[in-house]
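As structure tokens, the structure follows; a few thoughts come after it.
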Amino acid sequence: MGTIKGMTSSSAASNAVSNALSNEGALAASHPLMDGRTADSPLITAYRGGKPSRRPVWFMRQAGRSLPEYLKVREGVAMLDSCLRPELASEITLQPVRRHDVDAAIFFSDIVIPLKLAGVGVDIVPGVGPVLDKPVRTAADVAALPQLTWEALEPIREAVRLTVAELGKTPLIGFAGAPFTLAAYMVEGKPSRDHLGPRTMMHADPETWAALANWAADASGLFLRAQLEAGASAGQLFDSWAGSLGLADYTKHVAPASTRALDHVRHLGAPLVHFGTGTSELLVAMRDVGVDVVGVDYRLPLDEANRRLGGTVPLQGNIDPALLSAPWDVLEAHVREVIAAGSSAPGHVLNLGHGVPPETDATVLTRVVELIHSISPE
């Protein structure tokens, strides 16, 4: 894993939290990483810096939105409800693997599910996004937050178990929202363009911010741990809104919480990925929270990202989602450019530089996968 620099007392405290929750901390012998199903898969091999048998590719938000079968199965079911029905969440997770022959499934859920399961009032409002019943803006608000329990995560574990039973040798990637993104929603109470509320709290009331970030870190870490222990072969921390931060604020006010979240799972030995949007200037700091792989969005070429990171970790990315609707010759040339740029890194997993746009033609994604698989990993 990447080196965790500047270990602080809060980091030590987070290790204590992780150890207290670990239940011996080892993956079961029947886990896909341990019983031989996924350890040598193209995805896990590339995540670990090895030479895969074929170029691995998966897409963020591949489960849903652009798939007609997803729209059909979701008819009449609210977003958060669909995440908490194990059979439905499993089916949605599996759909893009069947259709596209991607090299990994990404667990279908939502970053606010840990809030919902903890008892925080939150819902996904169509056309808006996550909306909380009551924003969290004071020390008293943070102190009143309920704690996410291991028992409450049983629907997540069950969905993972159902999914892994169907995937065979294809690995499942677990995911969680990074503490900053989760806390940003909690402070604003809804999506925000500039995240002024959480950025202000960091400086105006740093103790309250730290307490909230730690709460979010433990919720996200426990959520990710439930997925990994139930059968996910890798984990990804999504920091959707970290790009709104400068490096100094990220390093001081956010990185310790991301480290704390990952402290819940790093002892399990599954590869860990960190991805954020608009984070070109934060890549080194994001690596240094202690991950194996850094995801790069579409704004920065992978060879430049690798240069900034000193060639220390495999990369994931970074096909521009906007080009999925371009003429095929334009898209193909772009995919080949991304592959060429990624070849400089110790390992490379193809992905988009953000999520699949809802208007994407699903047959184009299948064609992109076929193209990537046709290009020798050598």
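The values are calculated or read from the model by the stated rules, or taken from the named source; none is laboratory data. Because the structure is a prediction, the values reported are computed rather than measured. Note that each Cβ is placed from the backbone with ideal geometry, even for glycine, and that neighbours are counted across all protein chains shown.
Of all residues in segment 230-240, none satisfies being of a type in the set (Phe, Trp, Tyr), assigned to a loop (DSSP other than H, G, I, E, B) and either in contact (Cβ under 8 Å) with a residue 40 or more places away in the chain or out of contact with any Phe, Trp or Tyr (no Cβ under 8 Å at 6 or more places or on another chain) (or both). Note on segment 132-165: residues that are crowded, with 16+ Cβ neighbours inside 10 Å and in contact with a Phe, Trp or Tyr (Cβ under 9 Å, 6 or more places away or on another chain) total 10. Restricting attention to segment 319-332, does a residue exist that is farther than 26 Å from Leu71 by Cα, in a strand (DSSP E or B) and touching a Gly at 6+ places or on another chain (Cβ under 9 Å)? Looking through segment 319-332, none of the residues is farther than 26 Å from Leu71 by Cα, in a strand (DSSP E or B) and touching a Gly at 6+ places or on another chain (Cβ under 9 Å).
You will find that of Leu94, Leu115, Leu88, the residue that is closer than 17 Å to Gly129 by Cα and in a helix (DSSP H, G or I) is Leu115 and no other.
May I ask you to list the residues in segment 62-85 that are farther than 26 Å from Pro179 by Cβ, part of a helix (DSSP H, G or I) and out of contact with any helix residue (DSSP H, G or I) (no Cβ under 8 Å at 6 or more places or on another chain)? Reasoning before the result, please.
As a first pass, look at segment 62-85 and keep what is farther than 26 Å from Pro179 by Cβ: 66-77, 85.
Narrowing the set further to residues that are part of a helix (DSSP H, G or I) leaves 68-73.
Residues satisfying the conditions are Leu71, Lys72.
Annotation note: of Leu352, Leu365, the sole residue that is more than 30 Å from Asp249 (Cα to Cα) and surrounded by 21 or more Cβ atoms within 10 Å (Cβ to Cβ) is Leu365. Taking the condition surrounded by fewer than 19 Cβ atoms within 10 Å (Cβ to Cβ), under 19 Å from Met60 (Cα atoms) and either charged (D, E, K, R) or modelled with pLDDT under 95 (or both), does Glu359 pass? In short, yes. The one condition from (1) on the phi > 0 side of the Ramachandran plot; (2) out of contact with any Ser or Thr (no Cβ under 8 Å at 6 or more places or on another chain); (3) crowded, with 24+ Cβ neighbours inside 10 Å that Ala219 does not meet is (1).
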